[in-house]
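Below is one structure, written out as structure tokens; comments come after it.
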Amino acid sequence: KAGVTQTPRYLIKTRGQQVTLSCSPISGHRSVSWYQQTPGQGLQFLFEYFSETQRNKGNFPGRFSGRQFSNSRSEMNVSTLELGDSALYLCASSLNGVSGRFIGELFFGEGSRLTVL
Amino acid sequence: GENVEQHPSTLSVQEGDSAVIKCTYSDSASNYFPWYKQELGKGPQLIIDIRSNVGEKKDQRIAVTLNKTAKHFSLHITETQPEDSAVYFCAASKGFGNEKLTFGTGTRLTIIP
């Protein structure tokens, strides 16, 4: 069974640009969460999607956005990049039961490492 | 919002000895406490979790204890092995389960052969 796949794995951007990161969850998983990991702030929750709807959102500016498609694949976008956006962006999927109730563990991908110059 | 503190930030133990990592949380409504292990270049992997209606849980060499009154939980690894070397994160959530996890700052565990 394939794990959570994130693309691209590495990318370099310059300030002011925008970036789109992609995440394919484990087959059958309908919930996708995104986290930002930095040495200074650790792992911070960005947002969570279930059935194409954003259910939870962390404390990040509006430059950070996401969406989920009908096949549960998800993308996140960061616009007007700043140096501080350099981080490892992790996607995680989980198996949800009826009405989206969590019934399994959170499976993380290997992340997309973004460097902003 | 929820705040999770984790100690120590680094820990070195001799192979075969035990390792203990401690976390405290601030929100008494939190009810789910997972522990993740992150190896170099990989995403975090769940190693054990505990819910607020349980005080202790064990899985082979790994155990987690929860003290709801004091709002702290701990990870215990016994008979440590070189492959236990990694960064460990505790987390807390007050959703049904994994929604909006708040993570601790991590503990870098090094097992000395």
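The values are calculated or read from the model by the stated rules, or taken from the named source; none is laboratory data. Treat the numbers as computed from the prediction; the structure is a model and nothing was measured. A quick note on method: Cβ atoms are made from the backbone with ideal geometry, for glycine too, and the neighbour counts reach across all protein chains shown. What goes into the accessible areas is simple: the full protein's heavy atoms, side chains included, and nothing from ligands, DNA or RNA. Shrake-Rupley method; radii C 1.70, N 1.55, O 1.52, S 1.80 Å.
Overview of results
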item	result
Those residues of region A:18-35 which are touching a strand residue (DSSP E or B) at 6+ places or on another chain (Cβ under 8 Å) and open to solvent by 10 Å² or more (accessible area, probe 1.4 Å), in sequence order	A:18, A:20, A:22, A:24, A:25, A:26, A:29, A:30
Residue count, region A:52-68 (criterion: modelled with pLDDT under 95 and either within 19 Å of residue B:38 (Cβ to Cβ) or within 14 Å of chain B (Cβ to nearest Cβ) (or both))	7
Test: residue B:108 is open to solvent by 60 Å² or more (accessible area, probe 1.4 Å), of a type outside the set (A, V, I, L, M) and within 12 Å of the chain's Cα centre (by Cα)	yes
Meets criteria (more than 23 Å from residue A:96 (Cβ to Cβ) and over 11 Å from the mean Cα position of the chain (by Cα)) for residue B:58	yes
Residue within region A:95-115 that is surrounded by fewer than 15 Cβ atoms within 10 Å (Cβ to Cβ) and closer than 21 Å to residue B:47 by Cβ present	yes
Residue match in region A:44-65 (condition: open to solvent by 60 Å² or more (accessible area, probe 1.4 Å), in contact (Cβ under 8 Å) with a residue 24 or more places away in the chain and not in a loop (DSSP other than H, G, I, E, B))	yes
Test: residue in region B:43-51 that is in a strand (DSSP E or B), away from chain A (no Cβ under 12 Å), free of Cβ contacts under 8 Å to residues at least 40 places away in the same chain and basic (Lys, Arg)	no
Any pair with Cβ under 6 angstrom, 6 or more apart, that starts in region A:8-26 at a residue that is of a type in the set (Lys, Arg) and ends at one that is in a strand (DSSP E or B)	A:13/A:19; A:13/A:116
Selection from region B:1-27 of residues that are at pLDDT below 95 and surrounded by fewer than 12 Cβ atoms within 10 Å (Cβ to Cβ)	B:1, B:3
